[in-house]
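This report refers to the structure that appears directly beneath it.
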């Protein structure tokens, strides 16, 4: 599903506190996921698992044109999360390694700040049992003094229904509106 998210207050807060806007969105997205049980469910080897905590993973561009994968441990304390996530971004960007952790308690993130998309499909290998949600953030635009961006939420339908995605999007929007 693709939706448009108002990020006016969130953008202002990220700038006020000196946070990366991408990491701020990722944090609020993870905070929302902690409150929607379906987003904490995973299928592993044919069994259903419910994780107590969902972390994040994202692609990160490097100056040499390659990319790496960053992994972020969720914390209820945004300051702790931001400090650790910023170090992780710096670590991944400073290396040439292509590290891909085999973890399931994540949401997989990507950012496409160049594209104001209205639809998005993720490349997938269906032979690999990956039931983690995939969330992408798009280009932020401004209209009449309000900032917004597209967000794509791709889920495993055996675990997450439309009502769950709706609850997640509502919670995320709420968190983005009251930073």
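Just so you know, all these numbers are worked out from the coordinates, no wet-lab data involved. From a predicted model like this one, the values you see are computed outputs, not experimental measurements. FYI the Cβ positions are ideal-geometry reconstructions off the backbone, even for glycines, and counts take in every protein chain you see.
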### Message
Which residue fluctuates most in the GNM of the chain (Cα springs below 10 Å): 130, 77, 55?
### Response
77
### Message
Just to be sure I understand: of the beta bridges DSSP finds with both ends in the chain, what percent are antiparallel, rounded to 5?
### Response
75
### Message
Viscosity 0.692 mPa s, temperature 37 °C: what is the translational diffusion coefficient of the range 53-120 from Stokes-Einstein with a Kirkwood Rh over Cα pairs, rounded to a whole number of µm²/s?
### Response
250
### Task
Calculate for the chain the 222 nm mean residue ellipticity that helices alone would give, adding -39,500 (n - 2.57) per DSSP H run of length 4 or more and normalising by residue count, nearest 500 deg cm²/dmol.
-10000 deg cm²/dmol
## Note on the structure
Comparing 28, 167, 104 in a Gaussian network model of the chain (Cα, 10 Å), the one with the largest mean-square fluctuation is 167
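Could you calculate the FRET efficiency of residue 20 with residue 157 from 1/(1 + (r/R0)^6), where r is the beta carbon distance between them and R0 is 35 Å, rounded to 0.05?
E between residue 20 and residue 157, to the nearest 0.05, is 0.65.
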### Query
Please report, for the Cα atoms of the chain, the Rg to one decimal and the Dmax as a whole number; what are they, in angstrom?
15.8, 50
### Gained length - residue 144 relative to residue 115, 0.36 nm times residue gap less alpha-carbon distance
8.5 nm
